[in-house]
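One structure is given here, and the rest of the page talks about it.
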Amino acid sequence: MSNSSSEIRARRFPLRLPLRYRAAGSAEWYTGDTENISCSGTLFRCQHALVPYTPVEITLRLPRQLCGEASLSMFCSGYVTRLIEPESAETRPALAIAFLDFRLLYTSYRPQAKLRQAERERIRKPLAELEHGLNSAVMVISGNCELLLAGSALPENARKSVLRIKEAAERLGKLTGEL
């Protein structure tokens, strides 16, 4: 599609969001504030100007109104399409960025994850107690089976039964370890 006045542009949303940005691969991050954002890019006031066509990386936090209870951050990569010089000494320059790629990053507050963690904590102690009790029982059963098998006075059918009991106790021990 040519760059003409009839070209359809992505809808821009006038969201004021703080962000961090850097030239791709640079160690130093700078801060800025979006003026608008769309699915294809953003315009933001910057702390440090970059020249057009510079590859950039941006992180920004999406407001709760957009993503419900979850707190999401977005990581974007793209390039500078234009640098807008400040209108006055009181304003900062602005960068227009075209996104080439972006992904959502879950951050610290995720209600479902917190609920799952609370549920794990609630059952951790009873599971540990169950595991300890089962391991103790397996040790007693295995030990007694060893004592019975060490003696030579067992009839053959009783020896086979004791071996099956010992094998069952070993399987139970392995299952307990998987708990």
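Only strands (runs of 3 or more DSSP E) wholly contained in region 3-117 count here; list those with 2 or more residues that are at pLDDT below 85 and out of contact with any helix residue (DSSP H, G or I) (no Cβ under 9 Å at 6 or more places or on another chain).
Details: elements: 18-23, 30-37, 41-46, 55-61, 72-84, 94-106.
Ranges flagged: 94-106.
Taking ARG82 as the residue in question, decide whether it is more than 20 Å from ALA10 (Cβ to Cβ) and either surrounded by 13 or more Cβ atoms within 10 Å (Cβ to Cβ) or under 24 Å from the mean Cα position of the chain (by Cα) (or both). Spell out how you get there, then give the answer.
On the way: more than 20 Å from ALA10 (Cβ to Cβ): no; either surrounded by 13 or more Cβ atoms within 10 Å (Cβ to Cβ) or under 24 Å from the mean Cα position of the chain (by Cα) (or both): yes.
The answer is no for ARG82.
Which one is surrounded by the fewest Cβ atoms within 10 Å (Cβ to Cβ) among residues in region 136-177 that are touching a Gly at 6+ places or on another chain (Cβ under 9 Å) and at pLDDT 80 or above?
Among them, the one singled out is MET139.
The values are calculated or read from the model by the stated rules, or taken from the named source; none is laboratory data. All values reported here derive from a predicted model rather than from experimental measurement. Reconstructed Cβ throughout: ideal geometry from the backbone, glycine too, with neighbour counts over all protein chains shown.
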